[in-house]
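Participant: So that we are looking at the same thing, I have put the structure below in structure tokens.
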């Protein structure tokens, strides 16, 4: 079987519109270069020669859309990635949110859950996990399942331990997971407050209001119109004084209006709704 290395503009347009019509899943607003690269990766992993073969498979087997989405939506994530974010949350940002009995959090595009567990540890170390209620959503059901299980490869656990030590040099990461044959399993108490959901940011509605919204390194894959739409939706569903947290690679800062947000910590990419 040959390895496909390119997807043409015409193939991309045809495939994304066909998937939208048949499955109601919208990839049409994804940034084309990135999406092409992810489709090529998916074709190789799924052992298909072309987008034509992919579409035939999608026509014949409606369930095949799920492994395809899992490959296209694969996320690169890590626990306590960008330590300045987690340090800032623990030391000052959480205290900046208006006091209330319940802290509502949304992890939009939670991938395999590393961000969710990182936040669970921060909430525990600041003593407020008992009043937290969170939603963690993603369009990959396989990623959500991994996040719910919280079991990670030994090499990943070793990486996360180093990241945690940078975030909190006096803390002990080992207290948050149990050692297993296949790696480490995170403590269930870190996500007892979390509701994991399948959710497509582009097509599915947002219903709740939140005090913190994470959407980190997700919107880099969307085109300009989709970014504007999502930024507006996030703003509408964030409570006054709430925190909006983006990724270090999203390049969204110029699009975040100073009339809507206070730049709480630009280095950590944390913004507070005015």
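Participant: Return P(r) of the stretch 1-156 (all Cα-Cα pairs; 10 Å bins starting at 0; whole %; ordered from short to long distances).
Facilitator: Reading upward from the zero bin: 9, 32, 26, 19, 11, 2.
Participant: While we're here: Pop the C-beta distance of residue 44 and residue 179 into the FRET formula with R0 = 30 Å and round what comes out to the nearest 0.05.
Facilitator: So, using R0 = 30 Å, E works out to roughly 0.30.
Participant: Based on alpha-carbon centroids, what's the gap between the stretch 145-198 and the stretch 54-108 in Å, whole number please?
Facilitator: Cα centroid of the stretch 145-198 versus Cα centroid of the stretch 54-108: 15 Å apart.
Participant: Quick check on packing: order 35-47, 171-183 by the mean number of other C-beta atoms within 10 Å, highest mean leading.
Facilitator: Order by mean packing, descending: 35-47, 171-183.
Participant: Which angle between 0 and 90 degrees, to the nearest 10, do you get for helix 154-167 versus the longest principal axis of the chain when only C-alpha atoms count?
Facilitator: The angle comes out at about 40 degrees.
Participant: Here's something else I'd like to know. Once Rh is set to the Kirkwood radius over Cα pairs, what Stokes-Einstein translational diffusion coefficient, in µm²/s, holds for the stretch 210-274 at a temperature of 37 °C and a viscosity of 0.692 mPa s?
Facilitator: Rounded to a whole number, D works out at 283 µm²/s.
Participant: With viscosity set to 0.692 mPa s and temperature to 37 °C, compute the Stokes-Einstein D of the chain, Rh being the Kirkwood radius across alpha carbon pairs; µm²/s, no decimals.
Facilitator: D, rounded to a whole number, is 166 µm²/s.
Participant: What FRET efficiency, computed as 1/(1 + (r/R0)^6) with R0 = 35 Å and r the Cβ-Cβ distance, is obtained for residue 6 and residue 158, rounded to the nearest 0.05?
Facilitator: With a Förster radius of 35 Å, E is 0.45.
Participant: How are the Cα pair distances of the stretch 181-246 distributed, in percent, across 5 Å bins from 0?
Facilitator: Percent of pairs per bin, in order: 3, 13, 20, 23, 16, 10, 7, 5, 2, 0.
Participant: Still on this structure, please answer the following. How far apart, in nm, are the 7 Å Cα→Cβ label points at residue 266 and residue 133?
Facilitator: 3.6 nm
Participant: Still on this structure: Find the relative contact order for the chain and round it to a whole percent, using C-alpha pairs within less than 8 Å whose residues are 6+ positions apart.
Facilitator: 19 percent
Participant: Could you tell me what % of all Cα pairs in the stretch 9-72 have separations over 18 Å?
Facilitator: Tail of the P(r) past 18 Å holds 24 percent of the pairs.
Participant: Between helix 32-45 and the chain, what is the angle of the helix's C-alpha long axis to the longest principal axis, kept within 0 to 90° and rounded to the nearest 10?
Facilitator: Once rounded, the angle reads 70 degrees.
Participant: Further question on the same structure: Just need the Rg to Rh number for the stretch 116-192, please, alpha carbons only, Kirkwood Rh.
Facilitator: 0.96
Participant: Given a 10 angstrom Cα cut-off, can you work out which residue in 24, 113, 242 is the most mobile in a GNM of the chain?
Facilitator: 24
Participant: Quick one: Debye curve from the C-alpha atoms of the stretch 128-274, no solvent, what's log10 I(q)/I(0) at q = 0.10, 0.11, 0.22 Å⁻¹?
Facilitator: Debye intensities relative to I(0), on a log10 scale: -0.43, -0.52, -1.46.
Participant: At 222 nm, what helix-only mean residue ellipticity would the chain give, in deg cm²/dmol to the nearest 500, using -39500 (n - 2.57) for each DSSP H run of four or more?
Facilitator: So the calculated ellipticity at 222 nm is -11000 deg cm²/dmol.
Participant: Any chance you could run the full-extension gain for residue 64 through residue 251? It's 0.36 nm times the residue separation minus the Cα-Cα distance, nm to one decimal.
Facilitator: 64.0 nm
Participant: Below 8 Å between Cα atoms, with a sequence gap of 6+, how large is the relative contact order for the stretch 1-133 in percent?
Facilitator: About 20 percent, as a whole number.
Participant: Can I ask one more? Determine the relative contact order of the stretch 80-201: mean sequence separation of Cα pairs under 8 Å and six or more apart, normalised by residue count, in whole percent.
Facilitator: Worked out over the stretch 80-201, it gives 33 percent.
Every number here is computed from the coordinates shown, using simple stated rules; none is lab data. Note that the structure is predicted; figures quoted are calculated from it, not measured. FYI the Cβ positions are ideal-geometry reconstructions off the backbone, even for glycines, and counts take in every protein chain you see.
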